[in-house]
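*Asks:* Please see the structure below; I have some questions.
The values are calculated or read from the model by the stated rules, or taken from the named source; none is laboratory data. For clarity, every value in this text was computed on a predicted model and none was experimentally measured. Virtual Cβ from ideal backbone geometry, glycine too; neighbours counted across all protein chains shown. Accessible surface areas use protein heavy atoms only, side chains included; no ligands, DNA or RNA. Shrake-Rupley method; radii C 1.70, N 1.55, O 1.52, S 1.80 Å.
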Amino acid sequence: PVWLSDITDWDSALKMIRSVGDLVGEEAKANSLANAINDKFINVKQFSNQKTLYLIWQNPWMAVGKNTFIDSLLLKIGLINCVEKERYPELALHDLRELCPEVILLSSEPYPFKPDHVNELQLIFHEAKIILVDGEMFSWYGSRLLKAPDYFSSLDL
């Protein structure tokens, strides 16, 4: 048999953990893990509803849109994704400008953004706070989520 998952939000990530536990006969461990993750996020640091652009690729520019796990996590920590398109749209530079982001997060994966990218974008987005972020903390669902709240608390937004 083949088992598939389609993780597009917070609830589907926790459901996946429980489903895998059911599949392998480890329901109690899976429920414990899902509950521990949920508990860690109860008091996660909340940011102030800043319009956020989360970039995952350059040439072409690609961003995280709606109907993604990353979008769900942004909301969970109080950031508002300014991309209204679904999934991972390609956007021209003028499209990025029109979004007027207050915060730009440059992910470490799948494209490894570097400090030079921060500097390049800061010349275009003078008012935005632009930082490099660990893509694993925003996109890896499963047990890795236990580490995410502490990481999010360390972000200077």
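*Asks:* What is the residue count in segment 72-93 for residues that are open to solvent by 10 Å² or more (accessible area, probe 1.4 Å) and either closer than 18 Å to residue 111 by Cβ or in a loop (DSSP other than H, G, I, E, B) (or both)?
*Replies:* Number of matching residues: 10.
*Asks:* Search segment 130-156 for residues being open to solvent by less than 10 Å² (accessible area, probe 1.4 Å) and assigned to a helix (DSSP H, G or I), and hand back the single one that is nearest to residue 117 (Cα to Cα).
*Replies:* Looking at residues that are open to solvent by less than 10 Å² (accessible area, probe 1.4 Å) and assigned to a helix (DSSP H, G or I), I get 135.
*Asks:* Could you please let me know if residue 10 is crowded, with 16+ Cβ neighbours inside 10 Å and either over 17 Å from residue 130 (Cβ atoms) or not small (Gly, Ala, Ser) (or both)?
*Replies:* yes
*Asks:* Which residue is nearest to residue 94 (Cα to Cα), if the candidates are limited to segment 53-69 and must be touching a helix residue (DSSP H, G or I) at 6+ places or on another chain (Cβ under 9 Å) and either of a type in the set (Gly, Ala, Ser) or in a strand (DSSP E or B) (or both)?
*Replies:* 61
*Asks:* Checking residue 106 against (1) farther than 21 Å from residue 7 by Cβ; (2) open to solvent by less than 20 Å² (accessible area, probe 1.4 Å); (3) assigned to a helix (DSSP H, G or I); (4) aliphatic (A, V, I, L, M): exactly one of these is not met. Which one?
*Replies:* Among (1) farther than 21 Å from residue 7 by Cβ; (2) open to solvent by less than 20 Å² (accessible area, probe 1.4 Å); (3) assigned to a helix (DSSP H, G or I); (4) aliphatic (A, V, I, L, M), the lone unmet condition for residue 106 is (3).
*Asks:* Right, next: Exactly one condition in (1) surrounded by 13 or more Cβ atoms within 10 Å (Cβ to Cβ); (2) modelled with pLDDT under 95; (3) in contact with a strand residue (DSSP E or B) (Cβ under 8 Å, 6 or more places away or on another chain) is false for residue 45; which is it?
*Replies:* With respect to (1) surrounded by 13 or more Cβ atoms within 10 Å (Cβ to Cβ); (2) modelled with pLDDT under 95; (3) in contact with a strand residue (DSSP E or B) (Cβ under 8 Å, 6 or more places away or on another chain), residue 45 is out only on (3).
*Asks:* Within segment 117-126, identify whether any single residue is aromatic (Phe, Trp, Tyr), modelled with pLDDT of 95 or more and within 17 Å of the chain's Cα centre (by Cα), and answer yes or no.
*Replies:* no
*Asks:* So, in segment 2-52, how many residues would count as being assigned to a strand (DSSP E or B) and polar (S, T, N, Q)?
*Replies:* Residues in segment 2-52 being assigned to a strand (DSSP E or B) and polar (S, T, N, Q): 2 in total.
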